[in-house]
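What follows is one structure encoded as structure tokens, with my remarks underneath.
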Amino acid sequence: MTIAVHVITQHGRVIAAKLAQAWPAVEVFVSDALIQTADKLAPHETAFVLPLSHHISSRFTEHEQHICVFSVGIAARLLAPLLVDKRHDPAVVCVDEQGHFAVAFSGGHRGGANALTQQVAHCLAGQAVVTTASDNAQTLSVDMMGQPFNWLLDTDSEAAVTPVSACIVNQRPVLIYQQTGESHWWPFSHPLPTHIKLINNAQSGEYVCAERDQLKVNACILISDQLSQPDWLPIEQPTVIWRPRSLVVGIGCDRNTPLAVLRKGLKQVFEAANLSEHAIASLVSVDLKADETGIIELAAELDRPFITYNKTCLADVKGIANPSATVMRCIGVASVAEAACLHGAEQTQLLLEKTKFNDSGYNMTIAVCRRDFTASSTGPDTRLAEPVSHATHGKKGSSRPPIKRPISDFAYHIFVCDAARCVKSKAQSDVTADNGKHLTSGIAHDLRCLLRELGLNRGPERIKVSRSHCFGCCGHASPMVIYQGSQQTELMHNHGMWLSHVDEFDELQWRKVMSALQQNTPLNTCVPSRYLAVKENAK
């Protein structure tokens, strides 16, 4: 995430310097009219030539977020011709040159301007000004509710976002039906408003029987991995559809099967099974297919990971419906597609059994499992609200019995700081101290979800993630340290590696980090130098 700060006054340069000190991703652009002969540019500054309108228009789409240290009026005149729609416009935050106010100007939700405004105001000890109705009312943001979990907003429902949002803020009856996906999407400590009715998959049958004839709502939100909506939903009302990453797709094919065949097969099988390709979490197979070009290209096209497992992992998988003697004879396991998706989703029941597809003389098989979100269904607020026992395990008064199983070893142990000062410094986080959200619910949780997706949450390559209250190095906001496990017999490149400002990492950067740990590749080859914390030599 790149943030451009635009400055046209000397006071503005002071504000920009504070922002650059807080966030390494900031790039400051200063009017050349401010640069005198004896006044050199700071390392974080880049001069631009007036007029300001030309500079802004040339940089607008090159950065994902903009902080304009000048008035909202100037910003309105400059940006009006550049704004396209809220789905694609970069975030823009305006700050007065004294740093008293940070105003979310455009790209409030999807661009991240509302979250950035809160962080800028905190950094400058100023006041955040956010005018979005759902944020101020602390109610549901229809077009953002799935973003923290990487859900995909179905493009067919884009037109429904505005009318559904209007129903939310105007307190008209709205039905949310959640079939799958993470359930802790409600970010506030207070309960859902009474005009929002939530039912999940387990409740739907009872609900339909009792209330179908009286189901009167003005809008719907559907959280589902199925293509068609349940026939009991009032489809005549505007409906927003979110697609969680719920489906793990096991795939097998003949050697050198072309991408076109794989793409066609996936589309045909998913349509027949009433499943949405947008809900795919990952493609999985046996490691003999790790270099299968067609599957690699398909995963890249879907923008989803392709994960392979060795035969040992797939040998004893429970729930295989169609074992094959031929597959056993050829590669040493009784199943590829079914076993891989069962193992990858950590399930013992298939959503879709192995389905064969043939085209142009090539064969492929597909099986699907739905991920179980029960383990992650309780949000951090709920967990911390539970009574905490300070009794020692195994002694009288303990709230839990002693655990008599061995502790799982790990290849690496990652510690992430979740102290309040670090959490509050997150430039890209929408977590604040006064909006009812829990401050420590971000990086560690997201990393654990990613590790489960990559298959690195168990086995000999397991990577463990823990939160630390404070590392005592608050100058490096959001620090992280990596230690290798005892099963490694020699010190690896990344043992004792410290990183800072890791809250700025996107998913691609985290995937690079995990891949480097797996392959024992030095992190300095895949992580920008500004995130590598310099350690003082011990005396």
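Of Lys86/Lys512; Lys311/Lys356; Lys318/Lys354; Lys267/Lys354, which pairs sit farther than 18 Å apart, going by alpha carbon to alpha carbon? Walk me through the intermediate numbers first.
Working: Lys86/Lys512 30 Å; Lys311/Lys356 21 Å; Lys318/Lys354 15 Å; Lys267/Lys354 15 Å.
Distance filter (> 18 Å) returns Lys86/Lys512; Lys311/Lys356.
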Give the residue from Ile241, Val333, Gly344 lying farthest towards the positive end of the charge dipole for the stretch 216-361; charges sit on Cβ (+1 for Lys and Arg, -1 for Asp and Glu) and the dipole is referred to the Cα centre.
Val333
Tally the DSSP beta bridges in the stretch 247-370 and give the antiparallel ones as a percent, rounded to 5.
60
Net charge of neighbours whose Cβ lies under 15 Å from the Cβ of Gly332, counting Lys and Arg as +1 and Asp and Glu as -1
+1
In a solvent-free Debye calculation with one equal scatterer on each Cα, what is log10 I(q)/I(0) for the stretch 3-131 at q = 0.17 Å⁻¹, listed in the order of the q values?
-0.81
Unit charges on C-beta of K, R, D, E only; dipole of the stretch 247-370, Debye:
260
Where does each of Val481, Val14, Val5 land when they are ranked from fewest to most other beta-carbon atoms within 10 angstrom?
Val14, Val481, Val5
Total charge of the residues flanking Thr2 in space, meaning their Cβ is under 13 Å from its Cβ, with Lys and Arg +1 and Asp and Glu -1, is -3
Calculate, in nm to one decimal, what Gln518 and Val14 gain on full extension: separation in residues at 0.36 nm each, minus their alpha carbon distance.
177.1 nm
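With the convex hull built on the Cα atoms of the stretch 261-314, state its orientation-averaged projected area in nm². Before the final figure, lay out each step's value.
On the way: hull surface 15.8 nm².
Result: 3.9 nm².
In a shell of Cβ-Cβ distance under 13 Å around Gly126, excluding Gly126 itself, what net charge do Lys and Arg (+1) and Asp and Glu (-1) give? Write out the running numbers ahead of the final one.
Details: positive: Lys18; negative: Asp96, Glu97.
Within the 13 Å Cβ shell, the charges total -1.
Magnitude of the Cβ-charge dipole of the stretch 3-131, K/R +1 and D/E -1, about the Cα centre, nearest 20 debye?
Magnitude of the dipole: close to 180 debye.
Length gain on complete extension for the stretch Arg59 to Ser189, per 0.36 nm per residue less the alpha carbon to alpha carbon distance? Intermediate results must be reported in sequence, preceding the final value.
Numbers: separation 130, 0.36 × 130 = 46.80 nm, distance 3.94 nm.
My answer for the length gained is 42.9 nm.
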Sorting Lys311, Lys318 on the 10 Å Cβ count, fewest up front, what's the list?
Lys318, Lys311
Give me His11, His184, His6, His343 ranked fewest to most by other Cβ atoms within 10 Å of their Cβ, as a rough exposure proxy.
His11, His184, His343, His6
Using the charge dipole of the stretch 3-131 (Lys, Arg: +1 at Cβ; Asp, Glu: -1 at Cβ; taken about the Cα centre), state which of Ile8, Ser106, Leu82 has its Cα farthest towards the positive end.
Ser106
Shape of the stretch 247-370 from its Cα gyration tensor (a ≥ b ≥ c, root eigenvalues): rounded if a/c is under 1.5, otherwise prolate when a/b > b/c, or oblate?
rounded
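Taken together, the values in this text are just the output of simple stated rules run on the coordinates, not laboratory data. The shown structure was predicted, so the numbers you read here are calculated from the model rather than taken from an experiment. Here Cβ is always computed from backbone atoms with ideal geometry, including for glycine, and neighbour counts include all displayed protein chains.
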